[in-house]
1. Which peptide among 234-242, 97-105, 221-229 comes first, and what is the full order, when sorted by highest mean count of other Cβ atoms within 10 Å?
2. Of the peptides 156-169, 80-93, how do they stack up when ordered by the mean number of other Cβ atoms within 10 Å, highest first?
3. Which whole-number value in Å³ per residue fits the convex hull of the alpha carbons of segment 2-167?
4. Greater than 23 Å separation of Cα atoms is the criterion. Which listed pairs, 34/115; 16/63; 34/98; 63/233, meet it?
5. Report the charge-dipole magnitude of the chain in Debye, nearest 20, computed about the Cα centre from +1 at each Lys and Arg Cβ and -1 at each Asp and Glu Cβ.
6. At q = 0.12, 0.13 Å⁻¹, what base-10 log of I(q)/I(0) does the Debye formula yield for the chain when every alpha carbon is treated as an equal point scatterer in vacuo?
7. Amide H of residue 11 versus every other amide H placed in the peptide plane: which residues, excluding those fewer than 5 positions away on the same chain, fall under 5 Å?
8. Mark the label point 7 Å from the Cα of residue 63 along Cα→Cβ and return the residues of segment 206-221 whose backbone N is within less than 11 Å of it.
Amino acid sequence: MRSGLVAVVGRPNVGKSSLVNAIVGKKVSIVSDKPQTTRRRIHGVATRGDTQIVFVDTPGLHKPVTALGQRVNATAIASAVDVDVLLLVFDAESGFGKGDEWVAANVSIDRSTTKLFVVANKCDAVAPRRVLTELSLSTVLDADEYFPVSAHTRKGLGELSEALHGVLPEGPWYYPIDTTGDVSGQEWVAELVREELLRLTRDELPYSIATRVTEWEWPRVRCEIIVERESQKGMVIGRGGSLLKEVGATVRRQMDPGAYLELRVVVDKDWQRKPGRVERLGY
């Protein structure tokens, strides 16, 4: 038996969660086109034959301006410690640049025990010659392997997965064979609610929203949506409750049949700038 931890790091919105979901073959992390969608460390488990890869999906590394930003950065950096492979993902469409080098400089790994793979994601949106150019720029990182992939079309994922399976050490599996992730049912519902709010809201509002399940007595589930200002409360609810109803209907379709989901919006002024509040919300 072989197993290992593979940390997935990179700047915000380079497609880390989409990549993990695609390789695992199941949605284990929410995704959106908004930066900082991932706020916690999430495990995605891919088991094939006698080998198990545990992906550690991490928040996007960035220069933080809030307590929440500082906490998610710390989570991402800590997730890269004592792993077997570090996947540094960059956006091929945006190109490899100083931000990606900054990520690599802020994630410390022992190259004698940890392999470094560089992954150019979103290659379906870029001409092949441009992909080669961007990958050649990334060689300044002196990685062990380089991969052009598309999480959207799955192109290149087979080669990446094969390489990962090939470098993992012998050892027992971390999870049972039928496990694909480590997020609890309550956490997953809260994340699904936030995913829908990321999709439906804009400007600064998505980043001011946190979600948590406050009641779980199946089939009744109550989820609290936290915003930072009173004016944001009405924006989340929508005219006549329309936006909240759409969120609830979409999330219920992804839950087990018979679920009753109640959504409640509350104001916690400037919560993401308060370290204690950020910690209490589980970040």
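Laboratory data are not the source of any read-out in this text; all were calculated from the coordinates shown. Quick caveat: nothing in here was measured; it's all calculated off a predicted structure. Here the Cβ positions follow ideal geometry from the backbone for every residue, glycine too, while neighbour counts run over all protein chains shown.
1. By packing density, highest mean first, the sequence is 221-229, 97-105, 234-242.
2. Values: 156-169: 15.4, 80-93: 22.2.
The densest-packed peptide leads the list: 80-93, 156-169.
3. Details: hull volume 16.6 nm³, N = 166.
Convex hull of Cα atoms, per residue: 100 Å³.
4. Going by Cα-Cα distance, 34/115; 63/233 fall outside the 23 Å limit.
5. For this selection, approximately 940 debye.
6. For the chain, the Cα-only Debye profile gives -0.78, -0.91.
7. For residue 11, whose amide H was placed from the backbone, the distant partners under 5 Å are 61.
8. Once the point is set 7 Å along Cα→Cβ of residue 63, nothing inside segment 206-221 turns out to lie under 11 Å by backbone N.
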